[in-house]
Structure formats: structure tokens, C-alpha cells
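Enquirer: Encoded as C-alpha cells, here's the structure I'll be asking about.
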Amino acid sequence: MINQDIFRAATLLRQGELVAIPTETVYGLAANAFDVEAVAKIFAAKNRPFFDPLIVHTDSIEKIKSFVADFPPKAELLAQNFWAGALTLLLPKTKLIPDLVTAGLPRVAVRIPKHPLTLALLRNLDFPLAAPSANPFGYISPTKAEHVAAQLSEKVALILEGGECEIGLESTIVGFEGDKTVIYRLGGISVEEIERIVGSVEVKKHSSSNPAASGMLESHYAPRKKMFLQTIETLLEHYKAEEIAVLAFNTIQNKIPLANQKILSPQGDYLEAAKNLFDFMRILDEMPQKVIWAELLPEKSLGRAINDRLKRAATEKL
Ligand code: TXA
Ligand code: MG
């Protein structure tokens with residue numbers, strides 16, 4: 001069922017069912033964060049390992065303060081500047097948050113999302129929503145209701161139709177280690193924007209040896225087809241031009257047939273590129289070509305987060 005009935009959604013969530021919700025970043029697969037059995041359904045529906053913790057969503061800082069043990073001044077500053085929005089804060093949890101939500105970790109990830117439909121839903125609930133991206137574990141995140149329907153429709157009671165996600169990239173995850181501000185996952189708010197508010201930050205190197213967050217697992221956000229980041233000339237030594245689909249930033253690749261190409265933003269706009277990224281990856285994954293070649297963006301603004309997703313979706317060995 002796909003519709004905009006937030007009252008039906010609220011009823012289902014109160015009954016411990018799963019509802020897919022639109023946010024400005026990607027669609028989430030939501031359940032009552034205080035209800036362990038409901039949260040367990042998320043892991044089952046996504047085929048997600050239990051060591052991978054979930055983000056908790058609500059509509060106000062007051063509600064967040066009811067289930068975190070501390071809300072430090074830097075968190076306040078970031079919250080004032082970026083909520084509602086694509087920022088997730090890691091804060092020490094209280095017992096109200098089940099260990100299943102945080103995979104046993106002492107901090108809980110919290111966020112106030114910006115989509116009006118989801119904010120209206122959250123206002124109607126007296127519990128927060130645990131919600132990972134609404135895709136099978138390891139696959140591309142959904143930025144349209146139809147993406148969720150294509151992969152999880154039998155597993156959710158309702159998909160709230162909220163149109164195309166405005167940002168199209170997951171939230172930026174920020175936490176604090178002593179005096180340091182740390183970015184654990186690059187996302188919809190750029191490093192530059194965060195640094196403008198709290199000064200210099202450390203960006204944690206993601207690696208599979210540190211799977212505290214799934215966004216940190218190396219292979220993630222991946223299409224089924226092999227995707228490569230080597231030069232197009234190198235790829236042409238292994239595949240014919242007709243066998244290659246292209247995901248480029250702002251320029252057409254003249255060695256590859258035009259019909260096989262998707263351009264993220266012909267004007268070179270990072271916001272437009274982010275919004276198109278996952279949708280275009282899905283379209284290319286459905287096309288008949290054997291492999292995808294993707295172009296990395298300049299390492300600034302949202303280009304950094306987009307490159308992070310491309311690198312994790314890519315296959316290293318040709
Ligand atoms: O934009 C987003 O963040 C979307 C929308 C739905 O809000 N959600 C999302 O969730 O991307 P998910 O589960 O796909 O990614 C959440 C990331 C994971 O890498 C998870 O491990 C990390 O947040 N995370 C959650 N709780 C954590 C915790 N307590 N400590 C460290 N990392 C945590
Ligand atoms: Mg995800």
C-alpha cells in the first residue's frame with residue numbers, strides 16, 4: 001500500500017508494524033524505537049546484521065532529551081543550524097533506547113528529518129522511530145517510494161508517498177570524542193558546512209575493520225552489476241564500448257554510446273548530482289550493459305560524500 005495517510009501510518013506503528021517513511025535524504029524503514037519486537041522486524045525485513053545500529057528519528061530536541069543522557073553545547077550548536085535536516089548526532093543513550101537499536105553501543109544516533117509528511121507523523125507519535133534506509137542490506141538506498149516498493153513491498157505494512165528525496169544522500173553522522181568533533185559518515189551536509197559551525201573536524205576513515213556503522217562497511221550502496229572507477233581507457237581494454245554503461249558527473253564520454261550514459265549534473269551542480277546519484281545507479285543497474293563505469297567528482301562540497309558512496313559501490317579488480 002502506497003499513500004499519504006499518516007493517521008493509518010501512526011496506527012500501524014503503534015501496533016508494532018513497519019512503515020516506510022520519506023525523508024529529505026533517503027526513504028527510511030521505520031518502527032517504534034522503544035519496542036524491541038518492532039525493531040527486530042526491521043533487521044529481518046532488510047536482512048541486516050544485528051551488529052549494525054539504527055538511527056532514531058523524532059520531531060523535537062525536547063523529545064530527544066528525554067532519551068539521551070547528555071546533549072553537549074557543540075551538539076546544540078549543530079542541532080540549531082542543521083535540524084530539521086541531514087545531520088545525525090551520536091549522543092549517549094539512556095535505558096529507554098533498547099540495546100538492539102544501538103547494537104549494544106553506548107551512544108544512540110538521532111536525527112530530526114525535514115520531510116513535512118514525516119514530521120507531521122512524528123508529531124502524532126509519543127515514541128521515536130528507528131529507521132535505517134529502506135533497502136535490502138548492502139544495496140542502493142531508495143530516493144523514491146517506487147524504489148522501496150520494488151524491493152520491500154511485501155515486508156512493509158505501508159509506504160508513505162513523499163515524492164523524490166530532496167537531497168538524495170544519507171545524513172552526515174557526527175559525534176564527539178573528548179574535545180574533538182568527529183564525522184563518522186560523510187553525507188548530505190558537507191564537511192565545510194559543519195566546520196563553519198564548530199571549527200575543524202576529524203573525518204574518520206571508513207574501513208571494514210571498523211564496522212561500528214554499516215555506512216562504514218566498505219562494500220555498500222552497491223548495484224548488482226560490477227561498477228568500476230578506473231580510467232575509461234583501462235576499462236575498454238577489458239570490455240567493448242557497447243558493454244559499458246556510464247555514470248558521469250557533468251560530461252559525456254565520447255568513446256561510449258550516448259544511450260548508455262547518465263550525467264549526474266550537466267551544469268556541474270553538486271546538489272543536483274547528489275539528488276540523482278542513487279536513482280541513476282538503479283537505472284544503470286537495470287540496463288542491458290555488462291558493467292558500469294563511474295566518474296569521481298572533485299573532492300569538495302557534496303562531491304566528497306558522493307565519491308565515498310561511489311568508492312564503496314565499486315569493484316577494485318578488473
Ligand atoms: O539519512 C539517513 O541517515 C537515513 C534516513 C532514513 O534517516 N538513514 C540511514 O540509516 O542512512 P542507515 O541505517 O542506512 O545508516 C545508519 C548509519 C549506519 O552506518 C549505522 O551503523 C550508523 O548510522 N549508526 C547508527 N547508530 C549508531 C551508533 N550508535 N554508533 C555508531 N554508528 C551508528
Ligand atoms: Mg543504509
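The values are calculated or read from the model by the stated rules, or taken from the named source; none is laboratory data. A quick note: this is a predicted structure, and the numbers were derived from the prediction, not measured. Neighbour counts run over all protein chains shown; Cβ positions are idealised from the backbone, glycine included. Each accessible area value is taken on the protein alone, full model and side chains, heavy atoms only, with ligands, DNA and RNA left out. Shrake-Rupley method; radii C 1.70, N 1.55, O 1.52, S 1.80 Å.
Enquirer: If packing is taken as the mean number of other Cβ atoms within 10 Å per residue, what is the order of 99-105, 9-15, highest first?
Expert: 9-15, 99-105
Enquirer: With r as the distance between the Cβ atoms of I197 and T94 and R0 = 25 Å, compute the FRET efficiency 1/(1 + (r/R0)^6) and round to 0.05.
Expert: The formula returns an efficiency of 0.45 here.
Enquirer: Restricting attention to the range 245-318, which GluC sites (Glu not before Pro) occupy a DSSP loop and are surrounded by at most 15 other Cβ atoms within 10 Å?
Expert: E299, E316
Enquirer: Same structure again: What is the list of residues in the range 108-140 whose amide nitrogen lies under 11 Å from a point 7 angstrom out from the Cα of I2, following Cα to Cβ?
Expert: No residue passes the distance filter.
Enquirer: Per 5 Å bin from zero, what fraction in whole % of the C-alpha pairs of the range 219-258 is there, up to the bin with the longest pair?
Expert: 5, 20, 33, 24, 14, 4
Enquirer: How large a share of the accessible area of the chain, in percent, is made up of carbon and sulfur atoms when the probe is 1.4 Å and the other protein chains stay in place?
Expert: After summing per-atom areas, the C and S share lands at 52 percent.
Enquirer: Keeping all protein chains in place, calculate the accessible area per residue for the chain (probe 1.4 angstrom), answer in Å². Before the final figure, lay out each step's value.
Expert: On the way: 13260 Å² over 318 residues.
Heavy-atom SASA per residue in the chain reads 42 Å².
Enquirer: Note the angle between two axes, namely the Cα long axis of helix 270-286 and the longest principal axis of the Cα atoms of the chain, as a number of degrees from 0 to 90, rounded to the nearest 10.
Expert: Between helix and principal axis, roughly 70 degrees.
Enquirer: Right, next: How far apart, in nm, are two points set 7 Å out from the Cα along the Cα-to-Cβ line at K300 and at L271?
Expert: 1.7
Enquirer: I've got another one for you. Here is the link list: K65/K300; K205/K300; K180/K317; K46/K225; K41/K204; K114/K262. Which ones come out longer than 26 Å on Cα distance?
Expert: Over 26 Å apart, Cα to Cα: K65/K300; K180/K317; K41/K204; K114/K262.
Enquirer: Compute, for M281, the solvent-accessible surface of its heavy atoms (probe 1.4 Å) with the complete set of protein chains present, and express it in square angstrom to the nearest 10.
Expert: Only protein atoms counted, so the area is about 0 Å².
Enquirer: Label points 7 Å out from Cα along the Cβ direction at K205 and V182: separation in nm?
Expert: 1.5
Enquirer: For R14 and A259, compute 0.36 nm times the residue count separating them, minus their Cα-Cα distance, and round to one decimal in nm.
Expert: Fully extending the segment from R14 to A259 adds 83.5 nm.
Enquirer: What is the Cα radius of gyration of the chain over 2.2 N^0.38 Å, N being its residue count?
Expert: Rounded to two decimals, the normalised Rg is 0.98.
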